[in-house]
1. Want the number for residue 132 to residue 207: 0.36 nm per residue separation, take away the alpha-carbon distance, what's left?
2. Determine, for each peptide in 269-279, 148-158, 316-326, the mean count of other beta carbons within 10 angstrom over its residues, then list the peptides with the highest first.
3. Calculate the tail of P(r) for the chain: the fraction of all Cα-Cα distances greater than 30 Å, expressed in %.
4. Tell me the relative contact order for region 60-296 as a rounded percent, counting alpha carbon contacts under 8 Å between residues six or more apart.
5. Can you sort 182, 240, 198 from fewest to most other Cβ atoms within 10 Å of each residue's own Cβ?
6. Rank these for me by crowding, 227, 49, 94, going from fewest to most other beta carbons within 10 Å.
7. What's the center-to-center distance, using Cα atoms, between region 205-256 and region 103-161 in Å?
8. Arranged from highest to lowest average of other beta-carbon atoms within 10 Å per residue, in what order do the peptides 257-263, 210-216 appear?
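Values in this text are rule-based calculations from the coordinates and carry no lab data. These figures come from a predicted structure and were not determined experimentally. So basically every Cβ, Gly included, is an ideal-geometry build from the backbone, and we count neighbours across all protein chains shown.
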């Protein structure tokens, strides 16, 4: 059995097992799993409004998943996607509010500001890793809290003490009357096109460029890469910067598309942390990230229908997601099972 088939089967089996165990959890908790999953399905695909909102929810998950996956492929564990997303969110909203420009200039400028903010937040742990061998996991975790509290302080500073900045100018918005009318006035916006373009960009970088080859080589073996003449430190920094760009763009989707403003946050959004699970489920491949983000975005939005339609708390969906992550993390065991099954069939 080829590695490609195994790589597809492992996450599929993980999802199926997660849903089965989730059904058992609902039964044990006194809920009807058939009604629960029916409510979940209707929350995702029940009408055109739900479909629009589901796609809108998927958009930042794609970019957060790309951020984590790109770092993974370069041998780095970027736990700081959440913080990079938050600073990207603030940067995009600030540019959207502070300037009045034509849309052809204003919108790209706000998006670039988010990318630059995310890149800066990725550059710091990348530099510390490259120059001083400080582990990126520790630095990126701490940078999440710095991002959260710094952005909250900046929101209050630019809004004269208010809890939110007010709305961005329409010239910086990703929203569209066409998409709103087509999806019964959902919050679907053109950010999904940007997210899909970034999927293509990641694939091009990793598979079609010398930079991508070096990044993957450094991720596999730093010593061998250095012996081959590659600049390991430069590649570590670049990997974290590019990862930060993807995360910053995820923040731009929220600032310029979904909400149109930035407010003081009492805690993390969770999108950046869920991006880790998205990347794991997608085997850190660009196409896999799309499927992982689709699953997580759909579950997250569809869960909002479960309390009303089936009287099942949203926390049940969080349990199901956690179980899926558990099975994905246990993918080595599933992989062994699938490979042995394939060998038995070949032997026959």
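1. Values: separation 75, 0.36 × 75 = 27.00 nm, distance 2.95 nm.
My answer for the length gained is 24.0 nm.
2. Details: 269-279: 23.9, 148-158: 16.5, 316-326: 18.7.
The packing order, highest mean first, is 269-279, 316-326, 148-158.
3. Values: 24246 of 60378 pairs.
Beyond 30 Å sits 40 percent of the P(r) for the chain.
4. Working: 490 pairs, mean separation 102.1, N = 237.
Averaging sequence separation for qualifying contacts and normalising by length gives 43 percent for region 60-296.
5. 182, 198, 240
6. Working: 227 9, 49 14, 94 22.
Ranking 227, 49, 94 by Cβ neighbours within 10 Å, fewest first, gives 227, 49, 94.
7. Centre-to-centre (Cα) distance: 18 Å.
8. Working: 257-263: 20.6, 210-216: 17.0.
Going by the mean number of other Cβ atoms within 10 Å, highest first, we get 257-263, 210-216.
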